[in-house]
Each structure stands twice: as structure tokens, then as C-alpha cells.
Amino acid sequence: MKIKFYFLKNNWLPSIFLLTLTACSMNIKPIDNFTLFKESKEAIRANQEKTEPINSTIDINEAIARGLKYNLEFKVKQYEEALSINQSDLSAFDMLPKIVGSTGYYKRNNDAINTSVNAQTGQASTSTFISTDRQIDTVDLGLSWNILDFGASYFNARQQGDRALIALEHRRKAMHNLVQDIRTAYLRAYAAQTLEDEVASTIEISEIALKKAKQADEEKFRNPTDILKIQKTILDNLRVLEAIRQELSTARYELASYMNITPGTKYKLAEPSSEILAPKQINLSIELMEDLAITNNADFKEQIYTARIAKDEIKKNMLKMFPNISLNAGPHYSSNSFLVNKHWNDAAIQASWNIVNVLTIPSQISAGKNADKLFDEKKSSVLMGLITQVHISRLIYDNAYQSLERNESVFQVDKRLNDISQLKVNAALESKLDNVTYRTAYILSLLRKYQALSQLYAAEGKLRSTLGQEVIAGDISKIPLNDLKGQVNMALKDWLPSEDAIIIPKEPASNTEIKVDGVSKEDESKKINFVEKLKNFFKRKE
């Protein structure tokens, strides 16, 4: 039998073979250092261009506003939330029927010739037939809809909506943490700015006093024990001062990173207001704090949404137990000249059922019931943990406030002692060595005061995060920096409502239709539990 290699004759097969070899020879190249360096520099420059330049001193409201507007890690959370919302919107389209349009072109080098065989005699017909053109154009438009795919898409859309809500809670938590970190870093950086000159001058005076003490020791002018005690006192003071300088040296860089300011940029911080330096203690009752946390805490809401996603996953798996029904319809066209009707419409319906899935029904029902119990226990566990967290956060805040008051008292005493010592030095009634000791104690007390203040605001931030009280709601990127500063100022002043202003959620009236996730309460009350419905169905079958 002679075989004609049509593809070889027309040089198609070698071309396909060469294209295949080309695809297999693709190499993945690592990024070179020059490209990496160039792209990184361009990213740094683009990032700097997006940040509004510093034109004056920065107060704490502007620092927080800059952090909310320009902090890169917080922007990541914002974009994650926006992407989750987009994915939630897109998942809703999966529930729609699929409408697919297609067109095609068919060509062959010879005619499709058919023969036939007589059914009674088995004799081959001497006639041949052609029923297809050598070239055919086709156009099809098909609509298809699958019931099980629709059910799975429905639960997927619900799950994606819950994931978008989880991303929202992640963004809220990131905002709470960012504001807390900025307030703490600002107070540390302002303390460094305030104490920088004072620490430097005190270290210089101490170095001079130490040098004189060593010189006196070498010249044996005084008792060696007294001289060594003096040197020990000076060295202790120097050790404390240098520790203070080292502790505060990184504060400005940390604050700059939160505000997305290039490291090394010089900026000046404004003195915090009296309301910040001497905050009032929170007096809201612990019971109302618990109520606020239950209705607003981000972690608790995230657990609720996560449980809903898991429940929908179980329901989605239970859909496999039902028969599948597919619907298909659409118009078609073919240019085949042998067809009498070149245009036609068709429709089809098909039902299928994997009977083996029936064997999984008892396990599926049991899994559904156990999952409900598991999620209820998880919810109770998280809820009780949240209540405990409210009490712990309130206790930490109260302890921090008491610590601030104590450090303020110590600071006032050391400040007065330093002022008295300075007057005595000016009147030549006291040595500079004694004055250095008092100055060191004063500087250390001032530092401890700012540290206690930053710890108080860290505790307040933790309490605020636990109660779920947002600083700014909405899209921050569209708010100008100056307007955002004002909103931050108001939010930090009145972040905790008074007891009279707190409204505890109540069950809505029966005649009021409340929609949750697009479903009204009235419709929701008419629904039968999915697991119970299956149980009743199979009981009737028995």
C-alpha cells in the first residue's frame, strides 16, 4: 500500500518540528544586577515623588496622617482589600449562564468521498458520494447552563464576599497598629530631639570633670579613695547618659519609616499639646467596653467570616449528592453547500447523577452536624478570649496610667533639684560634679516620663484596637493631607464615646426588613436548615 506524506511534500512537518524545538529550548534567565539596581532606584524615586514634601515642623497629627496616607505596608493592606472586593464582584458573574461564540475555517486538499454497503446483501455500492465541501466556514453561538455549577458558583461568590470582609478587617487592624506605632515613635523621637543638646552638653561637662578627677588622682592632691569615688560617680553618670543617647538614636529613623520619609531626611517635630502630654484617664465601664468589643472587634469578626466560609464549603461539597442537569441551546451556521439548511437552532437538556455519591450521604450529614458544633465552639472560644482581652487591655492601660503619674512626680522632684543645683553652681555654692549628678537624674527622669507616656499610648492603642474603634473610615488615599490631619486630630480626641452615646444593637422589629448579605430576614427565616432538609428527604424515601 502506497502512503503519500502530504505534510512532508508541503514542508509543513519540518516547520512544526522546528517550532516545537524552539518552544522546548526556552531558558529562564535570572535578573541581572544592573536591571535589579536600575529598577530598585526607579522604585525609590517613584516612591519619593508620591510623598508630599515636608514644609514645616511635623506635629503628631501630621505624623499619623502621613503614615495613613504614605506608609507602604498599610498601602499593601489597602490594595489587598481592593483586590478582594474586585474578586468578589467577579465571582458573581460565574453564576450566569455561559454564552460562547465560536467561528471556524476548515479546508482539505481533496474531496471527502464516501461509499456505502447494502445492508441486506453486504455488497459494496459502486457509487461514491461527496457530502462535504473542501472549504467550510462555521459560526456558532452556544448558551449553556449547569445547575450544579450554578450552586457551586453561588457558594463561591458568598465565600469570596466573606474573604473581602476579612480583608477589610485586616486593613482595620493594620490601621490600629500603625497609629499605635506612630504615636509611640513620635514621643520617643520628640524626647530624643528635646534631650539631644542637653545630653550632649552634660556628657561634655562630665568628660571634663572626669579628666580633672584623673589628674587629681595622678597628682595625689586628695585622698585616693575620695578621688576614685568621684570618678565612679562620673562614670556612672556617663554610662547612663550614653545609654540614653543610644536608646534615642534610632527613634527618628523609626518614625521616618512609618511616615515613608527617606532615611536621613532632616525634619523637626512640634511639641505635643498639653492634652497629649497630660492625657485624661479613660473612665468607661468595663461592661460597655465588652459590648463595644463584641460589635466592633476586627479579630472576632474575622473568625465569624472564616466560620461562614468553612460552612459554605461543606454545603458546596454536599451539592455533589444531587443530580446534575445541563441545558444547552444556540444558533449555528455552516457554509457547506451540501446542507439544505445552512442556518439552524438547537437545544438540548441532559441529566446525570453519580449514584456512588449516595453512599456518602450519611457521612456528609454527620460532617455537617459536627461542623456546626465545631464552629459554635470556636465562636464561643474566640468570644470568651475577646472578653478576657478587654479586661487585660483595660488593666494594662490603668497600670500604664498609674506609671505615668508616678514618673511625672519623680520628674518634678528631679527638675526642682536640678534647678536648685544650677542656682547653687551659678552662685559658686556647689561643685559642677554635684550639678552633673542632678542634671543626669533630671534627664533620666524626663526620658522615663516620655517612655511612660509612650507606653500609655501603646496601651491605649491596644485597648482601642480591642474595642474596634477606627481612626479614619473610608478611602484615605482620596483625602488631602491637610484635611486628613484635621480628621486625625478629631478622631484621637473623641475616639471613645461616652456611656450615654453608646447604642447597644437590638433585635430589629418584625415589620422591618433587614438585609444581610443580600438576603432579607423574612426570607432567611423561611429557609430550612440544609442538613435537616436532607435528613427529612431521606426519611421520606425510607
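The values are calculated or read from the model by the stated rules, or taken from the named source; none is laboratory data. For clarity, every value in this text was computed on a predicted model and none was experimentally measured. Please note: Cβ atoms are built from the backbone with ideal geometry, for glycine as well, and neighbour counts cover all protein chains shown.
Given the options 92, 82, name the one that is farther than 30 Å from residue 484 by Cβ and small (Gly, Ala, Ser). Steps first, answer last, please.
Values: 82 fails: farther than 30 Å from residue 484 by Cβ.
Within the list 92, 82, the selection yields 92.
Counting only residues that are modelled with pLDDT under 90 and among the acidic types (Asp, Glu), which one in region 90-138 is farthest from residue 150 (Cα to Cα)?
Among them, the one singled out is 111.
Report yes if some residue within region 139-152 is out of contact with any strand residue (DSSP E or B) (no Cβ under 8 Å at 6 or more places or on another chain), over 30 Å from residue 333 (Cβ atoms), in contact (Cβ under 8 Å) with a residue 40 or more places away in the chain and assigned by TED's automatic domain parsing to the domain that holds residue 97; otherwise report no.
Yes, region 139-152 has at least one match.
Taking region 70-115 as the region of interest, how many residues are hydrophobic (A, V, I, L, M, F, W, C) and not in a helix (DSSP H, G or I)?
Residues of region 70-115 that are hydrophobic (A, V, I, L, M, F, W, C), as a first pass: 72, 74, 76, 82-83, 85, 90, 92-93, 95-96, 99-100, 112-113.
Now drop any that are not not in a helix (DSSP H, G or I), which leaves 96, 99-100, 112-113.
Here the count works out to 5.
List the number of the failed condition for residue 266; all other conditions in (1) without any contact (Cβ under 8 Å) to a residue 24 or more places away in the chain; (2) under 16 Å from residue 192 (Cβ atoms); (3) surrounded by 11 or more Cβ atoms within 10 Å (Cβ to Cβ) hold.
All conditions pass for residue 266, except number (3).
Can you find a residue that is surrounded by 15 or more Cβ atoms within 10 Å (Cβ to Cβ) and assigned to a helix (DSSP H, G or I) anywhere in region 374-381?
First, the residues of region 374-381 that are surrounded by 15 or more Cβ atoms within 10 Å (Cβ to Cβ): 375, 378.
From what's left, assigned to a helix (DSSP H, G or I): 375, 378.
Yes, region 374-381 contains at least one residue that is surrounded by 15 or more Cβ atoms within 10 Å (Cβ to Cβ) and assigned to a helix (DSSP H, G or I).
If we keep just the residues of region 224-271 that are β-branched (Val, Ile, Thr) and assigned to a loop (DSSP other than H, G, I, E, B), which is nearest to residue 67 (Cα to Cα)?
If we filter region 224-271 for residues that are β-branched (Val, Ile, Thr), which is where we start, we get 225, 227, 230, 233-234, 240, 244, 250, 261-262, 265.
Then keep just the ones that are assigned to a loop (DSSP other than H, G, I, E, B); that gives 250, 261-262, 265.
Working: 250: 18, 261: 10, 262: 13, 265: 16 Å.
The qualifying residue nearest to residue 67 (Cα to Cα) is 261.
Please name all residue pairs, on different chains or six or more residues apart, with Cβ atoms under 7 Å, provided the first residue is in region 77-89 and is assigned by TED's automatic domain parsing to the domain that holds residue 178 and under 10 Å from residue 161 (Cβ atoms) and the second residue is surrounded by 15 or more Cβ atoms within 10 Å (Cβ to Cβ) and at pLDDT 90 or above.
84/163; 84/164; 84/167; 85/164; 87/160; 88/160; 88/161; 88/164
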